[in-house]
1. Out of everything in the range 342-365 that is modelled with pLDDT under 80, in contact with a Gly (Cβ under 9 Å, 6 or more places away or on another chain) and in a loop (DSSP other than H, G, I, E, B), what residue ends up being surrounded by the fewest Cβ atoms within 10 Å (Cβ to Cβ)?
2. If a residue has to be open to solvent by less than 80 Å² (accessible area, probe 1.4 Å) and at pLDDT below 70 to count, how many in the range 138-160 make the cut?
3. Just need a number here: residues in the range 179-199 that are open to solvent by less than 50 Å² (accessible area, probe 1.4 Å), touching a residue at least 60 places away in the same chain (Cβ under 8 Å), over 24 Å from residue 17 (Cα atoms) and not in a loop (DSSP other than H, G, I, E, B).
4. Looking only at the range 50-61, decide whether some residue is at pLDDT below 95, in contact with a strand residue (DSSP E or B) (Cβ under 7 Å, 6 or more places away or on another chain) and either of a type outside the set (Val, Ile, Thr) or under 19 Å from residue 185 (Cβ atoms) (or both).
5. Go through the range 201-212 and give me each residue that's surrounded by fewer than 23 Cβ atoms within 10 Å (Cβ to Cβ) and under 17 Å from the mean Cα position of the chain (by Cα).
6. Quick check, is residue 20 open to solvent by less than 10 Å² (accessible area, probe 1.4 Å), aromatic (Phe, Trp, Tyr) and at pLDDT 95 or above?
7. Can you tell me which residue is surrounded by the fewest Cβ atoms within 10 Å (Cβ to Cβ) among those in the range 161-178 that are aliphatic (A, V, I, L, M) and more than 18 Å from residue 226 (Cα to Cα)?
8. Show the residue pairs that are 6+ apart or on different chains and have beta-carbon atoms under 6 Å apart, the first residue being within the range 5-22 and over 17 Å from residue 251 (Cα atoms), the second being at pLDDT 95 or above and among the charged types (D, E, K, R).
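The values are calculated or read from the model by the stated rules, or taken from the named source; none is laboratory data. Fair warning: this is a prediction, and the values are worked out from it, not measured in the lab. Neighbour counts run over all protein chains shown; Cβ positions are idealised from the backbone, glycine included. Note: accessible area is taken over every heavy atom of the protein model, side chains too, but ligands, DNA and RNA are not part of it. Shrake-Rupley method; radii C 1.70, N 1.55, O 1.52, S 1.80 Å.
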Amino acid sequence: MTAGGHTGVVLSGGGADGAYEVGVLKALLQGASPATGYRPIDPGIYTGTSVGAYNATFLCSRPGRPAADVATELETVWLDRIANTVWSCGNGVYRLRGAPFQALDPGCLARPVRSLVELGQDVAVLTAFGMVKGAQFLASDAPIKSRLLSLVDLDAFVSPSPFEDLVAQTIDPTLLSRSSKRLVLAASNWKQGVVRLFSRQEIAGAVGPRAILASAALPGIFPPVPIDGIPYVDGGVLLNTPLKPAIDGGADTIHVVFVDPRVDEIALTPLESTLDTFYRMFAIIWASNVRKDVLIASGITRTLELLEREPAGGASREEARSFLQVGQRIYERFAAGGGYRKVNVHVYRPRNALGEGEGILDFRRDRLASVIEMGYQDAVQHDCEAAGCGLWGQPAGAARRRVA
């Protein structure tokens, strides 16, 4: 087992595709990946956003247990609690309010009292929603078309109560407070448009599980989560793959699990749905941010390597260019009393698209099992050059070729 004080894991957002992270984690923590030298690891630093926030918190909330066993337990939670099965009465993340077809599932029919209670809650929520929207419609002096568009609000029909129950039942703040691991979750301040990072101590203490709910509150699907009077939404809006917090936390070997494939692997169809369009748009934004972060980390590492060489060692033209681009940043940091260190960044992402845009909301058990297996196999067959890792001694520009 490789000690994990300086080993970090970064888990991105991605809805149901977060099952891919579970597969990658199994391979890393069991020692089945060449990225760890086929040695099991027990990371000491976890950062996460959205579904990655849940996965990361789960892995930190089982102190004293072998990391590989916790990863196996997380897989069981995904397949038995989160997945939508015939007998589960929906999935463990969201529920559609007032959807008659959902009530006809065998699992829902087997729980008539619960179904009736939820129906009553749905009627109350939708009635209140209709009254508020109706009052706004009548009071507004905007054009009729604008007022009609303002009535469209998808999150009124989506209940996050299954995810709230899942977090409450699988994350114990008391156990989390006893963990020795460093945990950082990212959420987006919906009012000011800035990232807020929540520490393990905050999640186990005053803020509580609301930090996880906030990090996963996908705008337009889930309502914002208020914390200290401020609304927070999905961390993926601003920081979908929190690499820098892992570096700031002291990690020098980092495993970044990014659930979206390269953008050119996402098929373009003649008639894309609105969801497909938004998925591709966010995939491009997120890929760009990941590429930038990995390139910055790789550039700093390469420049530090150049500074350590004897002048006679020389440098290639590409290395010299990297030195000029990053050298000023390093100089300013040292001048301010800080510093940089070299880091290894391993990147894991699906070789092929996990599905279209609706895939992030597809929690069918057979699909989740397939996605978990895909993540496991990708980690077992990990190829750093193809994935765009940023490693010590790696030729400058290698990461640039494949991260997008």
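1. 353
2. Our first condition is that a residue be open to solvent by less than 80 Å² (accessible area, probe 1.4 Å); within the range 138-160, this holds for 140, 142, 146-147, 150-151, 153, 155-156, 158-160.
Remaining after also requiring at pLDDT below 70: 146-147, 150-151, 153.
Qualifying residue count, the range 138-160: 5.
3. Total meeting the criteria: 0.
4. yes
5. Quick first cut of the range 201-212, residues surrounded by fewer than 23 Cβ atoms within 10 Å (Cβ to Cβ) only: 201-202, 205-210.
Answer for the range 201-212, where residues must be surrounded by fewer than 23 Cβ atoms within 10 Å (Cβ to Cβ) and under 17 Å from the mean Cα position of the chain (by Cα): 209, 210.
6. Working: open to solvent by less than 10 Å² (accessible area, probe 1.4 Å): yes; aromatic (Phe, Trp, Tyr): yes; at pLDDT 95 or above: yes.
So residue 20 passes the test.
7. As a first pass, look at the range 161-178 and keep what is aliphatic (A, V, I, L, M): 166-168, 171, 175-176.
So of that shortlist, the ones also more than 18 Å from residue 226 (Cα to Cα) come out as 166, 171, 175-176.
On the way: 166: 20, 171: 19, 175: 15, 176: 23.
That would be 175.
8. Note: pairs meeting the criteria are 22/75.
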